[in-house]
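The block underneath contains the structure these notes are about, expressed in structure tokens.
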Amino acid sequence: MKIDFYLRFHTKFGQSLAITGNLPVLGEDEPDKALPMSFLSDELWQVSIEIDPSETETLRYRYIFIDEKGVWEKEAEKERIVEIKKAKHDLLFVDTWNDPSLFENSFYSAPFKEVFFRDRKKLKLKKNNFYTHQFKIKAPLVSPDETVCLLGSSETLGYWNTDTPILLSKKGNWWTVHLEIPASEFAMSYKYGVYNLKTGSFVRFENGDNRILHNDGSVNKKTIIHDGFLRLPVNQWKGTGLAIPVFSLRSNNSFGIGEFNDIKLLVDWADEVGMKMIQLLPINDTSATNTWKDSYPYAAISAFALHPIYINLQKVAGKKGEPIIKTLNKKQKQLNGLAEIDYEQVIHFKINVLHELFDLDNLDFL
């Protein structure tokens, strides 16, 4: 099987591009062994490989940029994955570089994928098995009642008719459609747009110039076009949030300082007032001097250890430690009643109690 890779990316003199992936010919994901690409123009690079599809089920690849000094940088796109074991045709990829600085990449982080955009419905369309071209694009900010559509200058793409655009369906993070396009329709210009499923109407074209697609004249080949991001304003999503240190989350159940358990109260409050995000200042251990100087949350002494000052004594005490905790009510009220946190008093008090609890139940701890 022959696979052609075309990458649309603007380069300057002295810069170059390479491709890496899970195949030996692509360096097996090692950037230093990446396959160099050939310069076609300031906007286009190309490379071809020959593989045995029976030896690999899945092709996974990624592009690398090398500057004038030889310093390399991987693109942000991590989802160029194609099933090739059962492929009966040669493949041609027309890709768009995904720059790590693009704001749209933020919308594919865990908070957006797993929380904010979790319940968005997906339009399911029947796949056309007799296709020559597959168009793929990412559009994180399309609203739940909308889908991505495709229009263009050819008969297959509807001659720019906004009444009957081609609708894309969502698979994973990509919006995609499979089309059979005859060679006579190339070269073609096209654009993506937004279509409202609820009203059954075309909403708008994406921003920017028309996209252009040429045909390389090959037969018995599938062309897969990764068109990057739908060109829409990136300020459509709005969300409020707050950044806060854990030590400031004092509650009635705390011992003079905000604790891990108090984060739950903050989450409940944030949800009640409609906030979307919470950023906690570092919670790593800073116990270097055992004085107030350790209260600075960015002075971590460990990348892994959490600060013991945020431990809730009642939670770690368990049933065996209940008698010890009951004797602390007066001290708890005294610490919670302070107008400001007394860092040194709190940390020394908590460490002493934690030692008591450990001595009481050390065999279970060990």
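The values are calculated or read from the model by the stated rules, or taken from the named source; none is laboratory data. Keep in mind that this is a model prediction, so the values were computed, not measured. Ideal geometry is used to build each Cβ from the backbone, glycine not excepted, and the neighbour counts take in all protein chains shown.
The single condition from (1) over 30 Å from residue 178 (Cα atoms); (2) surrounded by 19 or more Cβ atoms within 10 Å (Cβ to Cβ) that residue 250 fails is (2). Determine, yes or no, whether residue 148 is assigned to a strand (DSSP E or B) and either within 17 Å of the chain's Cα centre (by Cα) or surrounded by 15 or more Cβ atoms within 10 Å (Cβ to Cβ) (or both). It is true that residue 148 is assigned to a strand (DSSP E or B) and either within 17 Å of the chain's Cα centre (by Cα) or surrounded by 15 or more Cβ atoms within 10 Å (Cβ to Cβ) (or both). Within the stretch 10-63, the set of residues being out of contact with any Lys or Arg (no Cβ under 9 Å at 6 or more places or on another chain) and aromatic (Phe, Trp, Tyr) comprises 13, 39.
What do you reckon, is residue 55 within 25 Å of residue 134 (Cα to Cα) and without any contact (Cβ under 8 Å) to a residue 60 or more places away in the chain? Judged against the criteria, residue 55 is a match. Restricting 135, 107, 130 to those that are under 30 Å from residue 221 (Cα atoms) and at pLDDT 90 or above reduces the list to 135. Set side by side, the residues 106, 48, 41, 54 differ, and just one is small (Gly, Ala, Ser) and under 16 Å from the mean Cα position of the chain (by Cα), which is 106. For first residues located in the stretch 196-222 and in the same structural domain as residue 146 (by TED's automatic domain parsing) and under 18 Å from residue 165 (Cα atoms), partners that are of a type in the set (Ser, Thr, Tyr) and assigned to a loop (DSSP other than H, G, I, E, B) and lie 6+ apart or on another chain with Cβ distances below 9 Å form the pairs 196/143; 201/162; 202/162; 205/162; 210/153. Residues that are surrounded by 18 or more Cβ atoms within 10 Å (Cβ to Cβ) and outside any helix (DSSP H, G or I) are absent from the stretch 117-129 altogether.
Checked against (1) touching a Phe, Trp or Tyr at 6+ places or on another chain (Cβ under 6 Å); (2) without any contact (Cβ under 8 Å) to a residue 60 or more places away in the chain; (3) of a type in the set (A, V, I, L, M, F, W, C), residue 23 meets all criteria but (1).
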